[in-house]
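Novice: Sharing a structure, written as structure tokens. Questions coming.
Readers should treat all values here as calculations from the given coordinates under stated rules, not as data from a laboratory. Nothing here was measured: the structure is a model prediction, and the numbers come from that model. All Cβ positions, even for glycine, are placed from backbone atoms using ideal geometry, and neighbour counts span all protein chains on display.
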Ligand SMILES: Cc1cc2nc3c(=O)[nH]c(=O)nc-3n(C[C@H](O)[C@H](O)[C@H](O)COP(=O)(O)OP(=O)(O)OC[C@H]3O[C@@H](n4cnc5c(N)ncnc54)[C@H](O)[C@@H]3O)c2cc1C
């Protein structure tokens, strides 16, 4: 049996960040990285550009090819870890062999939820989670005039935006009363819906797809979908984007699992030598003060870095993450973080905006606990920094949604004492 000092399952945001940090602490221990995908690490948020612009995976790679060799990483692509025996410190690979490890990281990410709609596996129905999904969508486009995207979350909108750019007529069907309902409040959702409509999308909210049909007989490609009110929408492509779920299958027999793999402050699971990070795990949400699945790229990177350092023997605590997201769809920038719905009993809100623009910051006990921006998102990095550091902002809260917001518009006592911290400057520039 081959044995490694470290094994990382996954080869994306969390895995690469962990490996990088691990190698800063320990240069030599053997490190095996496994990915069931056939590609070296790439940016998942960029896969839509393959559909919209034909961008190749080389333009999406998050580390240069030499990274693996230079970092002493043995990368095995197209290799799935099939089962874990945490007590024996072994992993069984799908091709049959067993590998041993001293320390293991599960950076297994998430998988698209497949809604149980009759016809969901017909030809012409796609998920949108990997570069290969984007390739499959792009290669089917010559046969498509109309696509239906099921789900108005950020992955659905990413697919819809890319398809519109290719001249495809797009209908977005969302079960909730509004799109991006987890990321935005009602006012901002409305602005995004207007932007989607202005780009040519039809947005149908409060509706469910009840079947995906193939009117020309079994084995042919999808020809329409039917909604719960009986409306039939002709289409040659369906994209399923109703959400993702953490990939916990390796952990479920051995480790504590809630919605995601449960980790402590050190990103360590219920087994001392097994760590987890990214979409696969639930970790500390510094806004809500609870353990939460926060399936966004920055959390995978920051949590992965802590896991990597601790796997190599340090004792670093994860300061926590939150549901931070910034997206550019339908020619509109949107960003949000933390709590997005205010509640007049416990929160204080500052709001500003005009046509097509919206800025809202939510405070509790004088501290920022959430924000929603649409239109101009240039200063969100700075607000996120204030949020993360739990800076009291009640004395200058109106500045947070003003045109003049910048480091220098904050009280001097704040930036003078913090300006030496490089991370403050970096956040402020985002
Ligand atoms: C279309 C799209 C757009 C997005 N846009 C944004 C955005 O704008 N901003 C943002 O913050 N986030 C965005 N996200 C989410 C972001 O991509 C994820 O939060 C991030 O990729 C999570 O990183 P991760 O390392 O945890 O896991 P993942 O990126 O999911 O990678 C996990 C990897 O592990 C592999 N794996 C899993 N199990 C096994 C196994 N048993 N054996 C071997 N390999 C395995 C998987 O195949 C996968 O390659 C987007 C996601 C998608 C799909």
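Novice: Hey, could you get me the Stokes-Einstein D for the range 142-182, Kirkwood radius over alpha-carbon pairs, 25 °C and 0.890 mPa s, rounded to whole µm² s⁻¹?
Specialist: Here the translational diffusion coefficient equals 236 µm²/s.
Novice: Take the alpha-carbon positions of the range 182-273, form their convex hull, and give its projected area averaged over all directions (one quarter of the hull surface) in nm². Don't skip to the answer; put the middle values down first.
Specialist: Numbers: hull surface 42.4 nm².
That works out to 10.6 nm².
Novice: Another question, if that's okay. For the range 268-420, what is the percent of antiparallel DSSP beta bridges, rounded to the nearest 5?
Specialist: 95
Novice: What distance in nm separates the two pseudo spin-label positions at residue 121 and residue 252, each 7 Å out from Cα along the beta-carbon direction?
Specialist: 1.8
Novice: Let me ask another. Could you tell me the calculated FRET efficiency between residue 186 and residue 140, based on Cβ-Cβ distance and R0 = 30 angstrom, to the nearest 0.05?
Specialist: Given R0 = 30 Å and the Cβ-Cβ separation, E is 0.30.
Novice: Taking every pair of Cα atoms in the range 190-243, average 1/r, invert it to obtain the Kirkwood radius, and report Rg/Rh to two decimals.
Specialist: On the way: Rg = 13.1 Å, Rh = 12.7 Å.
A ratio of 1.03.
Novice: Between the range 364-417 and the range 6-80, how far is it from one alpha carbon centroid to the other, in angstrom?
Specialist: 35
Novice: Please report the orientation-averaged projected area of the range 234-277, defined via the convex hull of its C-alpha atoms, in nm².
Specialist: 4.5
Novice: When 255, 105, 34 are ordered from fewest to most other Cβ atoms inside 10 Å of their Cβ, what list results?
Specialist: 255, 34, 105
Novice: Provide the three semi-axes, in whole Å and in decreasing order, of the ellipsoid equivalent to the range 1-134 as defined by the square roots of 5 times the Cα gyration tensor eigenvalues.
Specialist: On the way: eigenvalues 167, 84, 24 Å².
Taking √(5λ) for each eigenvalue gives 29, 20, 11 Å, largest first.
Novice: Subtracting the Cα-Cα distance from 0.36 nm times the residue separation, let me have the gained length for residue 345 to residue 228 in nm, one decimal.
Specialist: Answer, rounded to one decimal: 38.4 nm.
Novice: OK, next. The range 144-216: percent of C-alpha pairs farther apart than 14 Å?
Specialist: 57
Novice: Shifting gears a bit: Rg and Dmax of the chain, using alpha carbons, in Å: what are they?
Specialist: Rg and Dmax of the chain, Cα atoms, are 22.6, 71 Å.
Novice: Report the FRET efficiency, 1/(1 + (r/R0)^6), for residue 95 and residue 352, where r is their Cβ-Cβ distance and R0 is 56 Å, rounded to 0.05.
Specialist: On the way: r = 57 Å, r/R0 = 1.02.
For R0 = 56 Å, the calculated efficiency reads 0.45.
Novice: Right, here's the next one. Give me the one-decimal Kirkwood hydrodynamic radius in Å for the range 61-158, with the sum taken over alpha-carbon pairs.
Specialist: Values: mean 1/r = 0.0575 Å⁻¹.
Answer for the range 61-158: a Kirkwood hydrodynamic radius of 17.4 Å.
Novice: A further question follows. Report, to two decimal places, the Cα Rg of the range 322-377 normalised by 2.2 N^0.38 Å (N = number of residues).
Specialist: Details: Rg = 11.6 Å, N = 56, 2.2 N^0.38 = 10.2 Å.
My calculation over the Cα atoms of the range 322-377 gives 1.14.
Novice: Now a separate question. In cubic angstrom, how much convex hull volume per residue do the alpha carbon atoms of the range 204-322 span?
Specialist: Hull volume normalised by residue count: 160 Å³.
Novice: What is the antiparallel percent of DSSP beta bridges lying wholly in the chain, to the nearest 5?
Specialist: Once the DSSP bridges in the chain are tallied, antiparallel ones form about 55 percent.
Novice: For the range 318-354 and the range 209-269, what is the centre-to-centre distance using only Cα atoms, to the nearest Å?
Specialist: When both Cα centres are located, 26 Å separates them.
Novice: Follow-up question, since we're still on this one. Write down, largest first, the equivalent ellipsoid semi-axes of the range 265-386 in whole Å, where each equals the square root of 5 times an eigenvalue of the alpha-carbon gyration tensor.
Specialist: Equivalent ellipsoid semi-axes, largest first: 31, 16, 11 Å.
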